[in-house]
1. Can you pull out every residue in segment 44-70 that is among the hydrophobic types (A, V, I, L, M, F, W, C), more than 9 Å from ligand 2 (Cβ to nearest atom), touching a residue at least 40 places away in the same chain (Cβ under 8 Å) and in contact with a Leu (Cβ under 7 Å, 6 or more places away or on another chain)?
2. Would you check which residues across segment 184-212 are within 12 Å of ligand 1 (Cβ to nearest atom), open to solvent by 30 Å² or more (accessible area, probe 1.4 Å), outside any helix (DSSP H, G or I) and not charged (D, E, K, R) and list them?
3. Do the conditions hold for Phe131, that is, is it within 16 Å of ligand 1 (Cβ to nearest atom) and of a type in the set (Phe, Trp, Tyr)?
4. Which condition from (1) more than 16 Å from ligand 1 (Cβ to nearest atom); (2) crowded, with 19+ Cβ neighbours inside 10 Å; (3) not in a helix (DSSP H, G or I) is the one that Gln140 breaks?
5. Among the numbered criteria (1) without any contact (Cβ under 8 Å) to a residue 40 or more places away in the chain; (2) outside the structural domain of Thr192 (by TED's automatic domain parsing); (3) open to solvent by less than 70 Å² (accessible area, probe 1.4 Å), which one does Asp124 miss?
6. Does Asp194 meet the test of being under 21 Å from Gly37 (Cα atoms) and of a type in the set (Asp, Glu)?
7. For Val84, indicate whether it is open to solvent by 10 Å² or more (accessible area, probe 1.4 Å), within 16 Å of ligand 2 (Cβ to nearest atom), more than 26 Å from Arg233 (Cβ to Cβ) and at pLDDT 95 or above.
8. Checking the condition surrounded by fewer than 17 Cβ atoms within 10 Å (Cβ to Cβ), outside any loop (DSSP other than H, G, I, E, B) and among the basic types (Lys, Arg), which residue from Lys152, Lys234 passes?
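The values are calculated or read from the model by the stated rules, or taken from the named source; none is laboratory data. Just so it is clear, the structure is predicted and the values come from calculations on it, not from any experiment. Glycine also receives a Cβ, built like all others from the backbone with ideal geometry; neighbour counts cover every protein chain displayed. These accessible areas exclude ligands, DNA and RNA; they are computed on the full protein's heavy atoms, side chains included. Shrake-Rupley method; radii C 1.70, N 1.55, O 1.52, S 1.80 Å.
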Amino acid sequence: MIEFDRVSKKYGDTAALTDFSLTAPTAQITVLMGLSGSGKTTLIRMVNKMVTPTTGSVSIDGIDVAELDAVKLRRSIGYVMQEVGLLPHKTVLDNVLLIARIAGQDTATARRNATEMLSMVGIDEQFFARFPQQLSGGQQQRVGVARALATKPNILLMDEPFGAVDPIVREDLQDELCRIQRELGLTIVFVTHDRHEALKIADQLVVLSNGGHIEQAGTPAELLAKPANDFVRKLLGL
Ligand SMILES: Nc1ncnc2c1ncn2[C@@H]1O[C@H](COP(=O)(O)OP(=O)(O)OP(=O)(O)O)[C@@H](O)[C@H]1O
Ligand SMILES: [Mg+2]
């Protein structure tokens, strides 16, 4: 369980977040949806201490992340960025393996985890020796997800991870993500602009306006049945 407790963040004079509180339950997918600049990336980066709150706290299973070592914390949490960020001069397999090695796994374990996660996201062995630019955008996104899973994290942070792929591949990736999430019992915080994606994968859907203000949070069914206001209605295309 990830808890944001009255979190605020100021960048100079800009108040990116004001008094944000939310619980992302264990083994569920929490989707953050909101306009550009509403603080979504800032929020997920607070979980792995890439951003420090100005006030308030973020805790994981009751432990304030401020008390945890940033490097260890980041190794224990999967993070998929919008720009996949694979190392261009390393093969597909090495991209995934390296992260597992950095996290302290021995060579054999890292290799086993890397191949297991690549096959889990649907990357066939024939692609292992290729370089990232020899893959399609969707395949690269899959490798990005495999890499985030290679350290066997319980928590996965995903910031618009499927933005760069076409709608059909995107549907496949969403299906696979939901399957993997159930199989591994992952706690996921997922950022998207896409309402179809949000409604499809969310256990908890959180609609944000500027300053990380929660316009509404609930299950997709709840938001669809009873949108709190025009903002929510508009964002969900109702
Ligand atoms: N390092 C920074 N320095 C100054 N301002 C920042 C910084 N990072 C973010 N901000 C500002 O904080 C606010 C929230 O930014 P954030 O990146 O969290 O939004 P977002 O919801 O992820 O937007 P997008 O959908 O465009 O990715 C914005 O006004 C942004 O300009
Ligand atoms: Mg962002």
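1. Passing the criteria: only Val47.
2. His193
3. No.
4. (3)
5. So the condition that Asp124 fails would be (3).
6. yes
7. No: the conditions fail for Val84.
8. Unique residue meeting the criteria: Lys234.
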